[in-house]
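Below is one structure; the comments refer to it alone.
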Amino acid sequence: MEGTMRQGGKGLGWQPVPVHLVGVHLGLSFRHYLVGMVALGLLVVPMAKLAGGVSETVSLSLGWAEGDPAIHRITTLMALAAIILVLRMVLTMQGRTLMSVVAPQQHLDLGMMARSAVTYSLAFTPVILMAVLSGQLSLGNWQAALALLPMMLVLVALQATAEEMVCRGYMAQGFQVLFGHAVLAALPVAVIFLFLHDTGAWDQGWDRKINILLISLALSWLTTHAGRLEPAMGVHFAHNLIVFTLAARPDHGLPSVSGFAQDIPDPPLDAEALLAQTLVYGAVCANYWFIGLRTGYVTGLWRERSE
């Protein structure tokens, strides 16, 4: 299967395949991916409970109070990071490797992920700072945020990587097989991405829900454009880490893992807030494209041009 994945057309020799087209290239059925998605769902539950038990045990042994919101944040991040292990198990049973949902027949490019994260930080940080200065975003506990930062660097990187592998990697391949078009495949992925993140707090309100959908669609476009997953991983990592450090809200968690145990009713749709947020994120995306994609910096094309 791996050899088949690399085989190009007549006269093309051996070529890597864009990550979203792997299922199409290998002639896999949607049933293949549906079985994998069900297996992921079934295996994630016990893995999440195990991660939660370990996290709570370690946290309590360090003297943290039972029920501390930070424990819930760390537990959730560990569970999300554990998805990588679950996904690897599923892919192994299906005769593939983790790289088949990241950058098929290529090596993991951490440099590309880092360049993408830096580019997004340059585009997104001014927006956060303006929100803080204008009073639209309140700051939280800086001491707690800084104390957790070293651990969060690792956990957020794993969490962002896991979510991208599952959503823009594995699921996107399956829906590409089903619908035969990248735009159509990105729509159900965005809906699933919303369900994974729509837990209240930071994501409360219909304006934020729609923006989560738009962010997912933008990440799907970025993955299709790059042909691999590292740029989307970098954006996801930078976004969550910036919110955690600059907003300093460990009690509310990161955007992708925020929420409370009880249900929170959604406020009515605020059209003005939706338009404002859409324009802001549109500006962030435009800055990211101009700084990182147009120059070729994120994908490494700038090196080839300079040579």
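Coordinate-derived values only; no laboratory data. Only a predicted model underlies this, so the values are computations on that prediction, with no experimental measurement involved. Don't worry about glycine lacking a Cβ; one is built from the backbone with ideal geometry, like all the others, and counts go over all protein chains shown.
For the reader, a short list of remarks on this structure follows.
- The string of couplings for the range 118-125 from the Karplus curve (6.51, -1.76, 1.60, θ = phi - 60°) is 5, 4, 5, 4, 5, 7, 9, 4 Hz, one whole number per residue in order, with x for Gly and Pro.
- Potential lengthening between Thr92 and His225 on full extension [0.36 nm per residue; Cα-Cα distance subtracted]: 45.2 nm
- For a paramagnetic label modelled on Leu110 (point 7 Å from Cα along Cα→Cβ), amide N atoms under 16 Å away belong, within the range 155-176, to 155-162.
- Among residues other than Met171 with Cβ under 13 Å from its Cβ, the summed charge is -1 (Lys and Arg +1, Asp and Glu -1).
- Calculated FRET efficiency for the pair Leu85/Val35, C-beta based, R₀ 22 Å, to 0.05: 0.75
- Estimated vicinal HN-Hα couplings, Hz - the range 88-97 in sequence order (Karplus 6.51, -1.76, 1.60; Gly, Pro = x): 4, 4, 5, 5, 4, 5, 8, x, 10, 10
- Contour excess over end-to-end distance, with Cα ends at Ala276 and Thr57 and 0.36 nm allotted per residue: 74.6 nm
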